[in-house]
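Below is one structure; the comments refer to it alone.
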Amino acid sequence: MNMLKKTFLIVTLLVTAFTFSQETQQKNTDSIYFNALDLYKNKKYTSSLQLTNEGLEIAPEYHDIRILRVRNNWALANIKEAENDIRYLLEKAPEYPSVKDLALRQVNYFENKERSIVFIDDLQEVFGSDPKMQVLKASLLLKVGERQKARALALSLFRNNALDSDLRYTLQNILNRTVSTEIGINYQYINFSEDYSRNEPWHTVSGEFLQYFNRTAVIARVTRADRSFDQGFLYELESYPVFSDKVYAFVNAGVSDGRLFPDFRGSASLFVNLFRGFELETGGRLLHFSDQDYFTGIVGLTTYQGRFYLNGRSFLGPKRLDRLIQNYQFNIRYYFSSIDDYLFGRFGSGISPDETTIFTQVQENPVLDAYYFNVGWNKTIGIHHIIQVGAGYLYEDLSQNNQGYQFLGNVSYRYRF
């Protein structure tokens, strides 16, 4: 009986000592973690890193300490060391909170983008096919010059209705940047009601050539207008320089003989992606007629909601006959299987200087109101051919208390190389 008591006492002491040791170790590692976290928050990354090293020697499976060590190594540009810890977490605890997001952030720290693509493929073996990873991969493929692979992947992802607006916006930019060369021709027809003094139809034909230089698109365009009473040509050069994944611009310069178009037209806009798929546009247009200059300010906001593209724009100016010419418009698109397959509509009041064919009417009658709508369909056939058809209706005030109506139609064809 005494022997049994002694054995029970020894076991009790051993269990107590072991439990106390475990509790002490837990308290020590918790203390190390919170001290290291405070140092990290105060940007003392080297000291914080030393503490996380000590903590992981005591408790290798303390994942929060390892995650903190990854962040310290990022701050100190120790990218390989951070990758080693992330791979440990992917193997031991892939479902632990923050591990997936941590791994995705690691992709941005690789200087070699090909290495980033390989790392994404490794992540997909762990987490499966994830849209966010796939979009990131498409973006990286574009950066390393794999334009066709980037486009094919982006097109397949664009068909996913469940994509959020941020990812769809990124795909939109990728698809726009993966075109190398295009040629196109456009025809516009305008028919006037009998209320106009001259109601013969107008015909406008334009041809253009588009070429991408890395991420920047450059377009050369020639437009010929036939208004029955006169004819004229407009020659334009246009570009869409891309500064980053969130910022790009639009610039345009055009000259003519001044008969039907401005002697000179200059345009510029800056587009900035703000948050959650919203894009802000600010810019202006300058028109020069003979010895007169006219300036128009522009502001616009765009968002992608599921398969919908929604855009509102406002054109203010120029000032003519003591009245500020104004145009407000709402643009909408509904996308089908790809970025080039969509229905579109435009509704607005006033006429903007971007409507090069009909804006001269505003110059002639600046104090009169106009309202319009335009709808159409943009459709791809195969991988090379794009066809667009559209029709519209415009109502505007005329002089002597009359109103006039215009019926607009257009058809265009583009060949994509």
Expressed in nanometres to one decimal, the distance between label points 7 Å along Cα→Cβ at Asn108 and Asn53 is 2.7
Taking the alpha-carbon centre of each part, the distance from the range 306-337 to the range 219-287 in Å is 15
Sorted on mean Cβ neighbours within 10 Å (highest first), peptides 83-90, 237-244 come out as 83-90, 237-244
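Run the numbers for Asp341 and Lys44: contour at 0.36 nm per residue of separation, minus the present Cα-Cα distance, in nm. Please list the in-between numbers first.
On the way: separation 297, 0.36 × 297 = 106.92 nm, distance 5.27 nm.
Gain on stretching Asp341 to Lys44: 101.7 nm.
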In this structure, the FRET efficiency calculated for Ile183 and Val299 from their beta-carbon separation, with R0 = 30 Å, to the nearest 0.05, is 0.40
Rounded to two decimals, the Debye log10 I(q)/I(0) of the range 195-245 (Cα scatterers, no solvent) at q = 0.31 Å⁻¹ is -1.10
Residue-ordered couplings for the range 227-233, obtained by feeding phi - 60° into the Karplus form 6.51 cos²θ - 1.76 cosθ + 1.60 and rounding to whole Hz (Gly and Pro as x), are 10, 6, 8, 6, 9, x, 10
For the chain, the percent of accessible surface on carbon and sulfur atoms (probe 1.4 angstrom, ligands and nucleic acids excluded) is 57
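Percent of alpha carbon pairs in the chain separated by more than 31 Å? Show your work: numbers first, answer last.
Details: 47455 of 86736 pairs.
Across the chain, Cα pairs with separations above 31 Å total 55 percent.
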Here the gain from full extension of Ile219 to Arg276, 0.36 nm per residue of separation minus their alpha-carbon distance, amounts to 17.5 nm
Computed on Cα atoms, Rg of the range 25-164 relative to 2.2 N^0.38 Å comes out at 1.21
Reported to the nearest 10 Å², Phe264 has, with a 1.4 Å probe, an accessible area equal to 80
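Which FRET efficiency value, to the nearest 0.05, is calculated for Ser244 and Arg198 with the Förster distance at 56 angstrom and r the Cβ-Cβ distance?
Result of the calculation: an efficiency of 0.70.
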A student asked for the Cα radius of gyration and Dmax of the range 197-326 in angstrom ought to give 17.3, 50
Relative to the chain, whose Cα atoms define the longest principal axis, helix 2-41 and its Cα axis are tilted in degrees, nearest 10, by 30
Descending packing, highest mean Cβ count within 10 Å first, for 409-416, 196-203 is 409-416, 196-203
accessible surface per residue for the chain, probe 1.4 Å, DNA/RNA/ligands not counted, whole Å² -> 53
Taking a crude spin-label model, label points 7 Å out from Cα along the C-beta direction, the Ile332 to Lys319 distance in nm is 3.6
Distance in Å, no decimals, from the C-alpha centre of the range 378-406 to the one of the range 82-105 is 54
Largest fluctuation, Gln326, Gln211, Gln124 only, Gaussian network model of the chain with Cα springs under 10 angstrom, belongs to Gln124
Given a Förster distance of 22 Å, the FRET efficiency implied by the Cβ-Cβ spacing of Val144 and Arg307, rounded to the nearest 0.05, works out to 0.15
In Å, the Kirkwood estimate of hydrodynamic radius for the range 182-416 over Cα pairs equals 18.9
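The values are calculated or read from the model by the stated rules, or taken from the named source; none is laboratory data. Just so it is clear, the model here is predicted, and its values are computed rather than measured. With ideal geometry, Cβ positions are generated from the backbone for all residues, glycine too; neighbour counts draw on all protein chains shown. Protein only, heavy atoms only, side chains kept; ligands, DNA and RNA dropped before computing areas. Shrake-Rupley method; radii C 1.70, N 1.55, O 1.52, S 1.80 Å.
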